[in-house]
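Okay, so here's the structure we're looking at.
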Amino acid sequence: MRKIYVFDTTLRDGEQSPGVNLNTREKLEIAYQLEKLGIDRMEAGFPAASPGDLAAVNAVARAVKNATVIGLSRSRENDIDAVREALIGAQDPCIHIFLATSPIHRKHKLRMEKEQVLETAKSALQYAKKYFSKIEFSLEDAGRTEYDFIAQMVSMAIGEGVNVVNIPDTVGYLNPAEYGAIFKYVKENVPDVEKVQLSAHCHNDLGMATANTLAAIQNGADQIEGTINGIGERAGNTAIEEIAMALETRQEFFGAKTSLNLSEISRTSRLVSKLTGMVVPGNKAIVGANAFAHESGIHQDGMLKEKTTYEIMTPETIGLKESKLVLGKHSGRHAFRERLIDLGYELEDELLNQAFARFKDLADKKKEVSDDDILALIEEKLVST
Ligand code: KIV
Ligand code: ZN
């Protein structure tokens, strides 16, 4: 089974979510949990952004023992120096240097011709090489860059000896067929491409970050970049838990796996949500409160007979105790009876039917009927008989 390396950027791209600001203590708490989750690489921040971020990256660099710690840098010597300072004390340091490559960014942001972009990145990599033995290079907005220029930039980065080349869909513009095709093109057209790992980094502007990342894996990406709960700039980044569980659940299809400790997913998600203040929507894949909850009678009946009827993965895999059968107006007699048994009541048919009728009346008035509601309803019924 092919191993897919996981590069977590919750502490950098994730922190770029509007309204999120993690202090050193919070970054450390998340970093320790990411280590437990078993991520391979951790981007701890952007040291040139502020003295506070530099200090936070340094605290993470000194603390983390079981993952590569990475600092982000523009293609500038000052930024590279900030990463050098921030990664002092790291067991396995790596610098992540980026430069935009698309025509839109070249024209409006960088005001550079292709040749200048190539030279600027090259001299940044040459400077970084003096201080770092591990380097990742990213072609920002590669998703909207000409294929031949992507190939030229990747080739230049390979020539400079980088370890990982990242090909991001920075603005979440592509669809899976298009994103996958870039990886295929690079694999087939860049000489010596086997000397580097190729990385996928997607944003979710059109809701395609997970699908695009999976397409990159199918077309040869060795590493995926993402965040816990998919937090990040605008609509966010690829959600790491979605990729890990997609690969796990459909192993026969992808033939690739991460080495994450999947049972830490739920705990990591809750911690990131708590410390960033970014609430996880109930219907969020894998980690949403409803991801393992069933409300309709037909589904609950199926679940009670055999869980695989309506669950493609088990809640235990991600560290949850069990699935939830939520009682509401769509629920059936079977689930109602099972809940009563859990609550300590085994009613004979006649009483059960009466209680079920009262439950349905109540369920018409409430979105969810709680255990307390059921207990009240049963005790009332038993007292009056
Ligand atoms: O989305 C992006 O292009 C980035 C780069 C810095 C890799 O986050
Ligand atoms: Zn990004």
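The values are calculated or read from the model by the stated rules, or taken from the named source; none is laboratory data. As the structure is a computational prediction, the values presented were derived from the model and not from experiment. Cβ coordinates were reconstructed from backbone atoms using ideal geometry, including for glycine residues, and neighbour counts include every protein chain displayed.
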Practice prompt. Sort out which residues of region 129-145 are near ligand 1 (Cβ under 9 Å from one of its atoms) and over 10 Å from P168 (Cβ atoms), and write them in order of number.
Written response: E136
Worksheet entry | Failed item, numbered, when F183 is tested on (1) in a helix (DSSP H, G or I); (2) in contact (Cβ under 8 Å) with a residue 40 or more places away in the chain; (3) within 21 Å of A157 (Cβ to Cβ) | (2)
Worksheet item: Limited to region 121-159, what total is found for residues that are under 24 Å from T213 (Cβ atoms), in a helix (DSSP H, G or I) and among the hydroxyl-bearing types (S, T, Y)?
Response: 2
Fill in: region 1-34: number of residues that are within 16 Å of ligand 1 (Cβ to nearest atom) and not small (G, A, S)
13
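Name the residue that is farthest from the chain's Cα centre (by Cα), counting only residues in region 281-292 that are surrounded by fewer than 20 Cβ atoms within 10 Å (Cβ to Cβ) and aliphatic (A, V, I, L, M).
Checked region 281-292; the qualifying residue farthest from the chain's Cα centre (by Cα) is A289.
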Worksheet item: Scanning region 219-245 for residues that are assigned to a helix (DSSP H, G or I) and among the acidic types (D, E), which turns out farthest from ligand 1 (Cβ to nearest atom)?
Response: E241
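Go through A151, A181 for me and flag whichever is more than 22 Å from I95 (Cα to Cα), modelled with pLDDT of 95 or more and more than 16 Å from ligand 1 (Cβ to nearest atom).
On the way: A151 fails: more than 22 Å from I95 (Cα to Cα).
Only one candidate passes the filter, namely A181.
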Fill in: Candidate set: region 246-264, residues that are touching a Leu at 6+ places or on another chain (Cβ under 7 Å) and over 17 Å from A200 (Cα atoms); chosen: the one surrounded by the most Cβ atoms within 10 Å (Cβ to Cβ)
L260
Fill in: Index of the failed condition, A216 passing every other in (1) more than 10 Å from ligand 2 (Cβ to nearest atom); (2) within 17 Å of G14 (Cβ to Cβ); (3) not in a loop (DSSP other than H, G, I, E, B)
(2)
Response to the item:
Taking region 137-183 and keeping residues charged (D, E, K, R) and either within 13 Å of ligand 2 (Cβ to nearest atom) or touching a Pro at 6+ places or on another chain (Cβ under 9 Å) (or both) leaves E140, D141, R144, E146, D169
